[in-house]
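Okay, so here's the structure we're looking at.
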Amino acid sequence: MTAVSQASNQLQQASAAALDTQSSEFLVFSLGDEEYAVDILKVQEIRGYENVTRIANAPDFIKGVTNLRGVIVPIVDLRIKFHLDKVEYGGQTVVIVVNVAERVVGIVVDGVSDVMTLSPDQIKPAPEFGVALSSDYLSGLGSLDDRMLVLVDIDKLLTSEEMALVDRTAK
Amino acid sequence: MDITEFYETFFEEAEELLGDMERHLLELDVDDPDPEQLNAIFRAAHSIKGGAGTFGFLVLQETTHILENLLDHTRRGELTLRRDIVDTFLEAKDMLHDQLDAYRNGAEPDPEAFERICKTLKQLALDELGKSMGDSAGNATAAAQPTPPPEPEPVAEAETPEESAAETASVEGGALCVALLNVNDKDRELLVEELGQLGEIREQRGDDKRYEVILQTGVSTDDIEAVMCFIVEPEQLQISSVGAASAPATPAVEARADDAPAVESKPAATKAQVPAPAEQAKPAADKAAKAPAKAASNKAKSGSESSSLRVPVDKVDQIINLVGELIITQSMLDQTASEFDGVTHSALHNGLNLLQRNARDLQEAVMSIRMMPMDYVFSRFPRLVRDLAAKLDKDVELVTEGKSTELDKSLIERIIDPLTHLVRNSLDHGIESPDKREAAGKPRTGKLTLSAQHQGGNILIEVIDDGAGLNRKKLLAKAESNGLAVSDSMSDDEVWQLIFAPGFSTAEKVSDVSGRGVGMDVVKRNIQAMGGHVEIVSREGQGTTTRIVLPLTLAILDGMSIKVGDEVFILPLGAVLESLQPNEDDLYSMAGNDLLLKVRDEYLPVIALHQVLDVQGARTKLTECIVVIVQGEGRRYALVVDDLVGQQQVVVKNLETNYRKVPGISAATILGDGSVALILDIADLHRLSRRKAPRRNNDPQPQLVQEVLPS
């Protein structure tokens with residue numbers, strides 16, 4: 001297949017995806033060996049993990065705050081929140097900066113792999129279980145060939161009481 | 001044509017004029033009014049009328065018209081002021097304000113209220129003018145009286161011919177050449193139309209650049225300017241007289257377009273009987289003579305007139321944010337450059353020094369834009385005190401001090417409500433009735449002082465009354481019945497703080513002024529939300545002083561950066577009293593784990609920052625640390641840190657925008673290296689330390705006390 005036809009093929013796929021309003025795009029990231037995904041429209045940017053100022057007396061999964069071009073942004077480590085065994089900070093560790101509930105929050109993940117388009121029939125309802133991650137915070141499970149993506153409802157998760165990111169009394 | 005875009009300007013200017021009017025009315029000495037003030041009040045009413053007419057706010061125009069006539073008589077000494085007349089004027093001013101608000105919201109003002117105020121004012125005009133003018137005026141009054149109170153719309157329309165009739169009669173008043181410079185067609189049409197209302201247009205010619213209108217009128221150039229300035233800038237206007245010098249001056253004054261309808265309907269004899277005072281005629285004559293010269297001097301004058309600029313606050317905030325970013329970038333550069341050799345890179349260092357200075361100057365200049373004088377707040381109290389005192393049958397004199405003290409705009413707007421509440425409280429509960437005061441051997445007139453002053457990086461606002469003071473016993477009894485934990489051994493300060501508890505009121509009777517007990521807690525909360533605190537000093541029988549301490553601005557903070565372990569924190573410099581290295585002999589332990597530091601005969605509790613904020617790797621031996629004596633919310637304590645890093649101005653960034661309130665932390669800032677540093681909240685840190693103390697005591701780890709105290 002020539003490069004040109006490949007490109008046009010991709011273009012067709014893209015326009016097909018655009019036409020199909022039911023399907024949506026997700027940013028896939030990894031926590032340990034697991035693959036998670038968030039609605040790409042919530043994502044503002046992806047940056048490296050650096051220069052985080054610790055906040056005293058905060059839950060351990062709140063790593064602190066960082067300076068994002070003059071804006072103070074809290075950083076949450078989802079690996080600690082989801083009780084993953086290995087929490088390391090290295091070159092691959094990235095922060096996904098998301099916009100939820102008119103706030104900007106950074107979430108630390110082990111890596112970002114790709115952007116996927118999922119059609120409604122590829123999204124299965126989340127089973128009723130989960131101790132570390134209540135199914136309330138999931139918008140479903142995405143199945144893609146033999147991969148399973150945990151679709152996180154980032155809005156619900158980050159504004160939930162247990163994340164302690166939002167001051168309830170102030171509202 | 002569309003003139004709605006000018007509405008907002010008119011509303012703002014009119015609001016300011018009304019504010020001026022009220023201030024002057026309140027300051028007015030009823031027995032011996034200052035002619036300058038009377039003139040100022042008159043001018044305010046006149047300008048509003050002019051603007052209202054231009055924009056077709058007929059009700060507003062008509063109300064101001066009647067008020068203006070009364071004011072005109074007042075300033076000419078034809079109407080003798082009394083307190084109740086001033087009250088009526090104030091009422092009318094409030095009505096104008098209501099009407100203005102109605103127009104601003106795109107509605108028509110309440111016609112009933114309009115009718116009522118017109119009636120009141122007209123009645124006042126008839127009664128008072130009739131009295132002061134004697135018989136001949138009395139006849140005229142009798143003639144004018146049958147006129148029924150007008151309906152809003154017809155009168156406003158009817159007014160125009162009335163006015164122009166008065167003006168045609170004054171054609172001999174002189175011709176003016178009004179030149180419009182660089183005014184576009186739309187505005188010009190409107191202006192010419194407006195000029196037509198002021199007098200008779202003899203001739204008009206010219207183009208966009210310069211359009212001249214020869215106007216036959218008795219209206220003074222100042223008044224024309226006042227009317228026109230709602231549409232064009234003063235420098236776009238040139239008014240000169242055409243053969244004005246020959247015009248008799250007295251008629252020009254007499255035949256003003258703004259005479260009261262009651263007077264206008266009178267025979268000219270009335271006017272003749274009340275000759276204009278000589279000093280009033282003279283300036284008018286002077287003015288006429290100077291008129292040609294005035295056109296030339298107009299440019300210079302307009303320089304000062306247009307020296308202020310209306311800018312939306314968010315634009316200013318945007319500039320402040322950008323300057324904040326600039327300062328951060330500048331310190332970042334500074335830090336990088338400090339690694340270079342000073343000799344070989346001297347040009348770079350010089351340039352950076354210059355940049356630093358300029359950036360600071362710029363920051364200061366920008367911050368000063370947001371600063372507003374306290375007068376903005378204080379100026380609304382004379383009225384409130386006057387009305388309240390009358391309602392409560394008390395004699396109160398209001399004294400304001402430090403009106404020019406400047407405070408950040410965002411703070412100044414938020415201080416109004418709490419301060420109003422405190423003033424109401426002082427009037428209602430503090431200052432006693434005249435009889436009670438006399439019985440207590442105090443002057444019958446109570447004194448309420450509002451003062452503002454700078455103290456370090458704070459502003460101190462005080463509400464001082466010389467009333468009865470707080471009653472300790474009553475407060476304690478009340479607190480007990482409210483289920484608050486109290487004891488007789490509480491210090492006065494602690495007892496006074498009780499009144500800030502929710503639902504607390506010592507008033508025996510709930511009045512509509514205060515006493516419902518909702519309020520003082522809100523006052524305290526509001527002030528704390530602004531980063532300030534409230535203190536009360538009270539002596540029974542001598543009065544109460546409520547002191548509000550506020551930071552000058554919320555956007556910039558003078559900070560001291562300190563280090564604990566590897567972490568850098570910012571202490572607000574205003575809270576820092578001194579810093580020292582503690583001596584082992586000055587440290588005392590109390591109840592096992594609490595530590596006290598003796599500083600100049602004072603024992604201060606010691607709070608270790610690394611313990612409160614769980615910082616790892618901090619120095620634990622107290623004598624190797626630095627102790628910073630800090631003060632917050634009246635509490636003084638010694639804060640243990642590892643090192644002092646330096647002093648710097650920091651740009652305050654809200655933590656709650658994206659995160660939440662953090663105990664012990666007031667906000668965050670960005671350091672020169674781009675990292676975030678947290679700004680400590682001195683008072684909250686103390687609370688946090690007390691909350692954590694029980695936990696610390698169960699801590700199996702070695703205690704600070706054991707490490708530092710000599711065995």
Open item on the list: What are the pairs with Cβ atoms under 9 angstrom where one residue, in region B:647-662, is facing chain A (nearest Cβ under 9 Å) and the other, located anywhere, is in a strand (DSSP E or B) and charged (D, E, K, R)? Sequence gap at least six, or different chains.
Closed with: B:Thr657/A:Arg103; B:Asn658/A:Arg103; B:Tyr659/A:Arg103
Open item on the list: Looking at region B:66-81, can you tell me whether even one residue there is over 22 Å from B:Arg310 (Cα atoms), among the β-branched types (Val, Ile, Thr), under 22 Å from the mean Cα position of the chain (by Cα) and surrounded by 24 or more Cβ atoms within 10 Å (Cβ to Cβ)?
Closed with: no
TODO: Assess whether B:Ala359 counts as being surrounded by 15 or more Cβ atoms within 10 Å (Cβ to Cβ), modelled with pLDDT of 85 or more and of a type outside the set (Phe, Trp, Tyr).
DONE: yes
- [ ] Tell me which of these B:Arg635 doesn't satisfy, since it passes every other one: (1) free of Cβ contacts under 8 Å to residues at least 60 places away in the same chain; (2) under 30 Å from the mean Cα position of the chain (by Cα).
- [x] (2)
TODO: Search region B:593-616 for residues that are in the same structural domain as B:Val628 (by TED's automatic domain parsing) and pair each with any residue that is aromatic (Phe, Trp, Tyr) when their beta-carbon atoms are under 6 Å apart and the residues are at least 6 apart or on different chains.
DONE: B:Leu596/B:Tyr588; B:Leu596/B:Tyr603; B:Leu604/B:Tyr637; B:Pro605/B:Tyr637; B:Ile607/B:Tyr637
Open item on the list: buried (at least 17 other Cβ atoms within 10 Å of the Cβ), of a type in the set (Asp, Glu), in contact with a strand residue (DSSP E or B) (Cβ under 9 Å, 6 or more places away or on another chain) and more than 14 Å from chain A (Cβ to nearest Cβ): is that true of B:Asp642 in this structure?
Closed with: yes
Task: Selection count, region B:70-102, where residues are under 18 Å from B:His46 (Cα atoms) and assigned to a helix (DSSP H, G or I) - done: 20
TODO: Among the candidates B:Ser675, B:Ser689, single out the residue that is within 30 Å of B:Gln335 (Cα to Cα) and either of a type in the set (Ser, Thr, Tyr) or modelled with pLDDT of 85 or more (or both).
DONE: B:Ser675
- [ ] Taking B:Lys692 as the residue in question, decide whether it is touching a residue at least 40 places away in the same chain (Cβ under 8 Å), touching a helix residue (DSSP H, G or I) at 6+ places or on another chain (Cβ under 9 Å) and either within 12 Å of another protein chain (Cβ to nearest Cβ) or among the acidic types (Asp, Glu) (or both).
- [x] yes
- [ ] Answer yes or no as to whether B:Ala668 is within 30 Å of the chain's Cα centre (by Cα), buried (at least 20 other Cβ atoms within 10 Å of the Cβ) and within 14 Å of chain A (Cβ to nearest Cβ).
- [x] yes
- [ ] Report yes if B:Leu622 is at pLDDT below 85 and either surrounded by 20 or more Cβ atoms within 10 Å (Cβ to Cβ) or away from chain A (no Cβ under 14 Å) (or both), otherwise no.
- [x] yes
- [ ] Kindly indicate whether B:Asp614 is within 12 Å of chain A (Cβ to nearest Cβ) and modelled with pLDDT of 85 or more.
- [x] yes
- [ ] Could you please find all residues in region A:54-64 being more than 10 Å from chain B (Cβ to nearest Cβ) and basic (Lys, Arg)?
- [x] A:Lys63
Open item on the list: Being without any contact (Cβ under 8 Å) to a residue 12 or more places away in the chain and more than 8 Å from chain B (Cβ to nearest Cβ) is the filter here; which residues of region A:65-87 pass it?
Closed with: A:Arg69, A:Val87
Task: Cross-chain or 6+ apart pairs with Cβ under 7 Å, region B:343-357 first and assigned by TED's automatic domain parsing to the domain that holds B:Ile327, then surrounded by 13 or more Cβ atoms within 10 Å (Cβ to Cβ) and polar (S, T, N, Q) - done: B:Leu355/B:Gln330; B:Gln356/B:Gln330
Open item on the list: Which count do you get for residues in region A:35-51 that are surrounded by 21 or more Cβ atoms within 10 Å (Cβ to Cβ) and within 13 Å of chain B (Cβ to nearest Cβ)?
Closed with: 0
TODO: Considering each of B:Ser331, B:Ser307 in turn, give the residue that is over 30 Å from B:Val178 (Cβ atoms), small (Gly, Ala, Ser), out of contact with any Ser or Thr (no Cβ under 7 Å at 6 or more places or on another chain) and at pLDDT below 85.
DONE: B:Ser331
TODO: Would you be able to tell me the number of residues in region B:416-469 that are surrounded by fewer than 22 Cβ atoms within 10 Å (Cβ to Cβ), more than 17 Å from B:Val523 (Cβ to Cβ) and among the β-branched types (Val, Ile, Thr)?
DONE: 2
Task: Search result, residues across region B:96-111 that are within 24 Å of the chain's Cα centre (by Cα) and surrounded by 13 or more Cβ atoms within 10 Å (Cβ to Cβ) - done: B:Leu96, B:His97, B:Asp98, B:Gln99, B:Leu100, B:Asp101, B:Ala102, B:Tyr103, B:Arg104
Task: Only one of B:Leu90, B:Leu38, B:Leu81 that is aliphatic (A, V, I, L, M), in contact (Cβ under 8 Å) with a residue 12 or more places away in the chain and out of contact with any Ser or Thr (no Cβ under 9 Å at 6 or more places or on another chain) - done: B:Leu90
TODO: Kindly indicate whether B:Ser302 is assigned to a helix (DSSP H, G or I), at pLDDT below 80, more than 14 Å from chain A (Cβ to nearest Cβ) and in contact with a helix residue (DSSP H, G or I) (Cβ under 6 Å, 6 or more places away or on another chain).
DONE: yes
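The values are calculated or read from the model by the stated rules, or taken from the named source; none is laboratory data. Remember, it's a predicted structure, so these values are computed and weren't measured experimentally. Backbone-built Cβ (ideal geometry, glycine too); neighbour counts: all protein chains shown.
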